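Quick notes on the structure that follows.
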Amino acid sequence: MSETTDKKKPPLNGRRALPSNNSNDEENEVPEVEAFGLIPRGFNPKDYLRVVDIHMFKDINEQQHHTDKYYNPKLIVRRGQSFQIQVDFNRPYNPETDRFWLEYLIGRYPQQNKGTYIPILVRDVLKPGEWGAKITHKENNSIRLSIMSSATCIVGKFRLYVAVLTPFGILRTQRNSATDTYILFNPWCQQDAVYLDDEKEREEYVLNDVGIVFHGNINDIKLRSWSYGQFEENILDACLFLMDKAELELSGRGNPIKICRVASAVINSRDDNGVIAGSWDNAYTNGVPPSAWMGSVDILLEYYSSKKPVRYGQCWVFAGVFNTFLRCLGIPARLITNYSSAHDNNANLQLDFFLDDEGKVDTTTTKDSVWNYHCWNEAWMTRPDLPVGFGGWQVVDGTPQETSDGMYRCGPASVQAIKHGHICFQFDAPFVYAEVNSDIVYLRRAKDGTQVIENIDTSHVGQLIVTKEVGRDGMMEITEEYKFQEGSQEERLALETAVMYGIKKQTTQDASYQPQTDVDMEFQVQKAVLGSDFKVTITFRNKSRNTYTATTYLSGNIVFYTGVTKNEFKKHTFSAKLEPYSSSAFDVVIKSSEYLSDLLDQASFHFFVTARINETGKILATQKATVLEIPTLRIKTQGAMVAGKEMSVTVEFTNPLKQTLENVTLRLEGPGVLRTMKKEFRQIPMNSTLIWEVKCIPNRPGLRKLIASLNCDALRHVYGELNVQIQKP
């Protein structure tokens with residue numbers, strides 16, 4: 001409470017009468033008796049109407065407000081929708097002579113014009129989406145009130161007081177934290193900025209507490225479950241704390257645009273000690289490897305208690321936690337994966353890959369990179385700050401990539417604006433536009449120092465953009481929400497619009513670029529399980545009447561999923577003879593012994609193939625990422641699965657590698673079934689099977705999901721999951 005804090009007033013500055021009100025947690029002292037002047041000697045507050053008790057009707061209110069899943073002892077309602085409370089007085093209420101009103105307060109410096117002090121008078125009629133109260137029922141000493149909150153009010157935890165007017169002053173109820181009321185965004189209310197009109201979408205994007213992360217790469221899409229856990233104990237308070245941490249003025253917390261903007265900065269630890277510290281270097285000392293997390297709850301609770309960044313995250317971890325934050329507050333949100341995502345350091349819509357004389361990529365001069373995939377979020381809201389038509393899904397991204405207005409943050413950027421090339425509209429649309437639209441340009445430095453364009457790939461980046469299906473665990477492609485069909489008239493127009501609005505695009509129509517058009521080259525990588533050999537097949541198609549010879553170079557690299565190379569593990573050069581009007585295929589075998597010792601946690605390879613047509617001196621270049629198949633965990637249950645009764649869960653895993661796994665960590669969690677459990681194993685010999693049995697008592701009936709992960713230095717990204725139907729007792 002604030003008795004101690006109020007004595008030390010913060011120093012005021014010359015610009016504002018009150019210090020900034022940016023903490024939901026801090027409170028002011030509210031007087032129980034507010035006298036109008038001198039109080040006569042015989043005055044006894046007990047002679048007047050007095051509040052004896054307040055009933056919050058938590059169960060019925062929360063069912064109507066779709067907040068009954070929150071594991072929280074206090075009332076949680078959504079804004080712009082009425083809810084009921086009951087006030088018990090010391091005697092029957094008489095509307096002729098008695099006057100009372102309600103007061104909702106938030107923060108330490110409540111002010112009516114800022115929406116942080118809200119007095120509510122009793123009226124005959126409730127206006128939709130405006131603060132008001134009306135009596136719906138009177139019985140003995142009690143009255144039942146229907147209260148309407150404003151559809152634009154601040155989102156957070158409010159304190160409730162009932163004030164009674166007497167001739168000598170105002171009498172208030174004591175501070176009672178049991179009547180605290182959380183008010184959230186309301187996608188069910190038409191006047192709310194986050195209104196979403198489809199019930200199935202609201203169930204998915206607001207109420208679903210488990211989601212799916214698509215990872216891997218464009219040729220080998222992998223998926224894993226992520227537990228958002230937005231209804232779990234203390235998560236709502238942790239999410240409100242994030243806004244305090246970001247020092248977002250309370251009066252701005254009714255605006256989803258502002259909330260998304262500050263949250264995209266506070267989700268990462270760069271420049272503000274936010275929630276998650278990123279690490280992309282495969283060294284995760286004093287922290288949890290990003291691949292080991294299975295959900296957001298542990299991360300948010302650790303941050304809420306320690307106030308220090310949680311180590312470590314990569315893009316899907318930032319996106320998973322951001323999604324929890326948005327859904328928890330009531331903003332519809334979904335997690336997006338963009339395959340072959342451009343990280344364009346100078347935002348010129350062009351990723352420059354520099355080749356040396358042998359046709360190898362020169363890693364010292366190449367600064368841009370293509371991520372195998374990148375995850376971000378979309379949040380649903382109106383954009384009154386932009387022209388009509390740019391509301392709806394907005395890109396927000398908590399992964400620290402580039403700074404925006406001096407901080408590592410990104411968004412909200414309108415998906416519709418990105419599609420049509422209107423990248424002049426705030427926030428960060430040019431960066432997102434480049435992530436899905438850049439060209440890859442292969443350049444070679446000639447002997448005289450000039451740069452020669454050898455090859456341009458216009459379709460590699462942003463080939464596939466996906467999210468989880470509504471109501472099902474499948475994949476839904478949303479590429480066309482971000483871009484028009486490759487090569488279509490509309491696509492060119494959107495690009496010209498983006499260029500007009502100032503995106504830098506170098507012209508490649510210079511005379512020096514004349515590609516070899518009569519030979520096509522492509523390659524396929526055989527699907528392979530971690531630990532086995534596989535082959536790469538390079539195919540040439542000679543469409544001319546000439547015979548050519550191609551000096552071909554294959555470079556196999558172990559890469560981070562961000563496309564940054566760790567090392568080259570395979571070099572192979574051969575000469576290919578290309579007969580007229582024919583296709584020829586060449587196999588290169590990759591042995592497990594060549595890659596196993598250096599493999600990174602996402603088992604990611606990246607192959608470059610460059611071929612010089614000796615007769616013309618022209619270069620063909622292409623690249624492809626590939627991911628190995630990683631073994632999965634098997635989850636089984638035993639016994640009846642009933643809420644409130646003990647059940648048993650078993651996790652099994654067989655080591656597929658030709659080596660012993662050491663210091664293995666297993667994790668298991670399931671929202672509504674069990675909190676995260678962890679077990680360490682010293683060793684798992686090759687080909688042996690590990691079995692771990694856990695007892696738990698599920699607390700919520702319905703269809704739930706169990707998620708498990710295994711982690712050790714030699715093997716990461718090992719997951720398993722199981723849907724379980726928990727019966728009502």
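The values are calculated or read from the model by the stated rules, or taken from the named source; none is laboratory data. The structure displayed is predicted, hence computed values, not measured ones. For neighbour counting, all protein chains shown are included, and Cβ atoms are generated from backbone atoms with ideal geometry for every residue, glycine included. Quick note on the areas: whole protein, heavy atoms, side chains included, nothing else; ligands and nucleic acids left out. Shrake-Rupley method; radii C 1.70, N 1.55, O 1.52, S 1.80 Å.
General observations
- Residues in region 211-255 that are open to solvent by 20 Å² or more (accessible area, probe 1.4 Å) and either part of a helix (DSSP H, G or I) or aliphatic (A, V, I, L, M) (or both): Ile218, Ile221, Leu223, Asp237, Phe241, Asp244, Lys245, Ala246, Ser251.
- Conditions (1) in contact (Cβ under 8 Å) with a residue 60 or more places away in the chain; (2) within 22 Å of Ala35 (Cβ to Cβ); (3) not basic (Lys, Arg): number failed by Ser149: (2)
- Reported count of residues in region 137-175, each being out of contact with any Leu (no Cβ under 7 Å at 6 or more places or on another chain), farther than 30 Å from Gly42 by Cβ and among the polar types (S, T, N, Q), is 3.
- Residue match in region 610-620 (condition: closer than 21 Å to Val529 by Cα, assigned to a loop (DSSP other than H, G, I, E, B) and of a type outside the set (A, V, I, L, M)): no
- Residue among Arg675, Arg700 that is part of a loop (DSSP other than H, G, I, E, B), closer than 30 Å to Asn72 by Cβ and open to solvent by 30 Å² or more (accessible area, probe 1.4 Å): Arg700
- Odd one out for Leu599 among (1) modelled with pLDDT of 80 or more; (2) open to solvent by 10 Å² or more (accessible area, probe 1.4 Å): (1)
- Criterion (within 18 Å of the chain's Cα centre (by Cα) and under 26 Å from Ile118 (Cβ atoms)) met by exactly one of Phe241, Phe231, Phe214: Phe241
- Note on region 337-375: residues that are in a strand (DSSP E or B) and not polar (S, T, N, Q) total 14.
Table: residues versus (1) at pLDDT 95 or above; (2) in a loop (DSSP other than H, G, I, E, B).
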| position | (1), (2) |
| --- | --- |
| Val30 | no, yes |
| Glu34 | no, no |
| Leu38 | no, yes |
| Asp53 | yes, no |
| Ile60 | yes, no |
| Gln63 | yes, no |
| Pro73 | yes, yes |
| Gln84 | yes, no |
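- Hits in region 373-408 (condition: open to solvent by 40 Å² or more (accessible area, probe 1.4 Å), within 18 Å of Asn268 (Cβ to Cβ) and of a type outside the set (Val, Ile, Thr)): Glu402, Asp405, Gly406, Met407, Tyr408
- Residue in region 635-645 that is hydrophobic (A, V, I, L, M, F, W, C), in contact with a Leu (Cβ under 6 Å, 6 or more places away or on another chain) and farther than 13 Å from Val724 by Cα present: no
- Boolean, Ile635 is closer than 29 Å to Gln401 by Cβ and either within 32 Å of the chain's Cα centre (by Cα) or polar (S, T, N, Q) (or both): no
- Within region 531-571, the set of residues being aliphatic (A, V, I, L, M) and open to solvent by 10 Å² or more (accessible area, probe 1.4 Å) comprises just one member, Val564.
- Scanning region 677-717 for residues being of a type in the set (S, T, N, Q) and within 15 Å of Pro289 (Cβ to Cβ) gives a total of 2.
- Among the residues listed as Leu666, Leu661, the single one being in contact with a Cys (Cβ under 6 Å, 6 or more places away or on another chain) and free of Cβ contacts under 8 Å to residues at least 60 places away in the same chain: Leu661
To keep it simple, each residue is scored yes or no on (1) of a type in the set (Asp, Glu); (2) under 8 Å from the mean Cα position of the chain (by Cα); (3) part of a strand (DSSP E or B).
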site: Lys308; (1), (2), (3): no, no, no
site: Arg311; (1), (2), (3): no, no, yes
site: Phe318; (1), (2), (3): no, yes, no
site: Arg327; (1), (2), (3): no, no, no
site: Leu335; (1), (2), (3): no, yes, yes
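- Taken over region 259-307, the criterion of being open to solvent by 10 Å² or more (accessible area, probe 1.4 Å), closer than 19 Å to Ile235 by Cβ and hydroxyl-bearing (Ser, Thr, Tyr) is satisfied by Tyr304, Ser305, Ser306.
- Test result for Asp385, touching a residue at least 60 places away in the same chain (Cβ under 8 Å) and not in a strand (DSSP E or B): yes
- Just so you know, in region 450-475 the residues that are of a type in the set (Asp, Glu) and more than 23 Å from Ala625 (Cβ to Cβ) include one that is least open to solvent (accessible area, probe 1.4 Å), and it is Glu469.
- Among the residues of region 672-724, the ones that are aromatic (Phe, Trp, Tyr) and farther than 15 Å from Gly211 by Cα come to 2 in all.
- Just one residue in the set Ala511, Ala528 is at pLDDT below 85 and more than 39 Å from the chain's Cα centre (by Cα); that residue is Ala511.
- Counted residues, region 168-189 - those being open to solvent by 60 Å² or more (accessible area, probe 1.4 Å) and closer than 14 Å to His65 by Cα: 0
- Any chance Arg700 is at pLDDT below 90, of a type in the set (Lys, Arg) and in contact with a Ser or Thr (Cβ under 8 Å, 6 or more places away or on another chain): no
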